[in-house]
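Below: the structure, in structure tokens.
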Amino acid sequence: MNHSLRQLAKGLADVVFPPVCVQCGEVVEGGALHHVCVRCEAMIHRVEPPNCTTCGSPFFGEVEGERLCPHCDGMRPDYAEGRTATLFKGAARALIHELKYHHGLHVLADIEAIVRASPHIVGFVRDAIIVPVPLHPRKERERGYNQTALLAEAFARAAGGDTRVESLLRRVIDTPSQTAFDRRARRENLKNAFALRSGTTLTPTLPYILIDDVFTTGSTLNSCAGVFRRAGALNVRVVTFGHG
Ligand SMILES: [Zn+2]
Ligand SMILES: [Zn+2]
């Protein structure tokens, strides 16, 4: 189908099945996003500096010289800096949920639009090599795709320039769901969970940015960053769509 036909088909589909908001279920009319209504879009918390340089969460109020949030204070991450595009709640959370659990590949354009409108993120990832946190092959087969790889592509499109995505990591251990564990247990579980794909050599000076959908404890991203560090990468950062 050529482009204009596809547009027409989509236009017709929108009339018959108008897109509903992933957050509140109302019909989406107007606004910059196709799957988030204007009201819910306005409530998306887009992170702007000042922010914690490890997890990316924003500082509120007086922050003279502050660089780390209380949660990250004392952590020694294996990466130089982390940023997040949004706080992981409301429609931001609903978009990722749709992508991850409902085969919601159609929301990627909205995610891209949110990132594109964020100079804080565009400037951070532009011209870097974005590396998605991998799923275990078994899980990827089950789901049919790795949502983080698709997210990485959306970030790369939003940032433009020479930004590119390279899937350099593989998950060697099928880690159990992380939600049931405390911080130390998570770290233990994730130790040696990731490795470089065979045949991968890193260029120490290239800018690598590891990406995940959400920053919770940071242990997954940090475990991936450790792999890069040990392989000699000197310029490793992390980015997430949401913090929560
Ligand atoms: Zn809504
Ligand atoms: Zn932090």
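Here is how the numbers come out for the structure above:
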{"read-out": "Loop-resident sites, the stretch 98-167, for chymotrypsin sites (Phe, Trp or Tyr not before Pro), counting at most 16 other Cβ within 10 Å (DSSP)", "value": "145"}
{"read-out": "Additional length obtainable on full extension of the chain from residue 7 to residue 66, 0.36 nm per residue less Cα span", "value": "16.4 nm"}
{"read-out": "Bridge type composition, the stretch 54-213 - antiparallel percent by DSSP, nearest 5", "value": "35"}
{"read-out": "Sum of -39500 (n - 2.57) over DSSP H runs of 4+, divided by residues of the chain (222 nm, nearest 500)", "value": "-10500 deg cm²/dmol"}
{"read-out": "Table column - 3J(HN,Hα) (Hz), the stretch 87-95, Karplus curve with 6.51, -1.76, 1.60, x for Gly and Pro", "value": "7, 7, 7, x, 5, 4, 5, 5, 4"}
{"read-out": "5 angstrom amide H check on residue 215, placed H, neighbours 5+ away", "value": "242, 243, 244"}
{"read-out": "Relative exposure of 72, 40, judged by other C-beta atoms within 10 Å (fewest first)", "value": "72, 40"}
{"read-out": "The chain: most fluctuating residue of 216, 86, 201 per GNM, C-alpha cutoff 10 Å", "value": "201"}
{"read-out": "Using θ = phi - 60° and Karplus 6.51 cos²θ - 1.76 cosθ + 1.60, couplings along the stretch 239-244 (whole Hz; Gly, Pro as x)", "value": "9, 9, 6, x, 10, x"}
{"read-out": "HN-Hα J in Hz across the stretch 118-135 - Karplus 6.51, -1.76, 1.60, θ = phi - 60°, x for Gly and Pro", "value": "10, x, 4, 9, 4, x, 6, 9, 4, 6, 9, 9, 8, 10, x, 5, x, 8"}
{"read-out": "Under-5 Å amide H pairs with residue 169, H placed in peptide plane, nonlocal only", "value": "197"}
{"read-out": "Lysine-lysine proximity count for the chain, Cα under 26 Å, sequence distance 8 or more or distinct chains", "value": "6"}
{"read-out": "At R0 = 22 Å, FRET efficiency that the Cβ-Cβ distance of residue 235 and residue 139 yields, to 0.05", "value": "0.15"}
{"read-out": "For residue 133, residues with placed amide H under 5 Å, excluding near neighbours", "value": "211"}
{"read-out": "Dipole axis of the chain (+1 Lys, Arg; -1 Asp, Glu on Cβ), positive-most option in 208, 79, 194", "value": "194"}
{"read-out": "Neighbour-count ranking [beta-carbon atoms within 10 angstrom, fewest first] of 41, 81", "value": "81, 41"}
{"read-out": "Where trypsin sites (Lys or Arg not before Pro) in DSSP loops with at most 13 other Cβ within 10 Å are excluded, longest remaining stretch of the chain", "value": "1-190"}
{"read-out": "Ranked 150, 196, 5, criterion: other C-beta atoms within 10 Å, fewest first", "value": "5, 196, 150"}
{"read-out": "Separation in nanometres of the label points that stand 7 Å from Cα toward Cβ, at residue 20 and residue 34", "value": "1.8"}
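Every number here is computed from the coordinates shown, using simple stated rules; none is lab data. All of these numbers come straight from a predicted model, not from anything done at the bench. With ideal geometry, Cβ positions are generated from the backbone for all residues, glycine too; neighbour counts draw on all protein chains shown.
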